Amino acid sequence: MNFIFIGSGKFGLKCLRTCLKIPNLSLKTILTIPESFNISYNSKPIKNILHVDFKKIANDLSIPLKVLKN
């Protein structure tokens, strides 16, 4: 079964690593957000202190990495 990973933090990384160990699961892309992002209730960008950069994993697995912008 194919799947797309959606996540941005340390907990998401743990989930992704677990999914990669499951037989018959095939990761097709990683969808994430930048470390800092805008949110409606704050005039300044918010920083996700638990953010993980998924570039290395995507490169190692030769899969696309999509980073959502505002």
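Tabulated results
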| quantity | calculated |
| --- | --- |
| Charge context of K66, other residues only, Cβ under 13 angstrom, K/R +1, D/E -1 | +3 |
| Between 0 and 90°, nearest 10: helix 10-20 axis offset from the chain longest Cα axis | 20 |
| Computed [θ] at 222 nm, helices only, for the chain once each DSSP H run of length n ≥ 4 contributes -39500 (n - 2.57) | -7500 deg cm²/dmol |
| Environment charge of I4, counting only residues whose C-beta is closer than 11 Å and scoring Lys/Arg +1, Asp/Glu -1 | +2 |
| Accessible solvent surface per residue of the chain, calculated while the other protein chains remain in place, 1.4 angstrom probe, Å² | 76 |
| Which labelled figure in [x] -0.61; [y] -0.51; [z] -0.45 is log10 I(q)/I(0) by the Debye sum over Cα atoms at q = 0.15 Å⁻¹, once derived from the coordinates | [y] |
| Highest average packing first - 34-46, 57-69, 1-13, Cβ atoms within 10 Å | 1-13, 57-69, 34-46 |
| Whole-Hz ³J(HN,Hα) from phi, Karplus 6.51 cos²θ - 1.76 cosθ + 1.60, for segment 25-34, glycine and proline x | 9, 10, 6, 9, 6, 10, 10, 9, 10, x |
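The values are calculated or read from the model by the stated rules, or taken from the named source; none is laboratory data. Note that the coordinates shown come from a computational prediction; the quantities given were computed from them, not determined experimentally. Here the Cβ is made from the backbone with ideal geometry for all residues, glycine too, and neighbour counts use every protein chain on show. All accessible areas refer to the heavy atoms of the entire protein, side chains included, with ligands and DNA or RNA removed. Shrake-Rupley method; radii C 1.70, N 1.55, O 1.52, S 1.80 Å.
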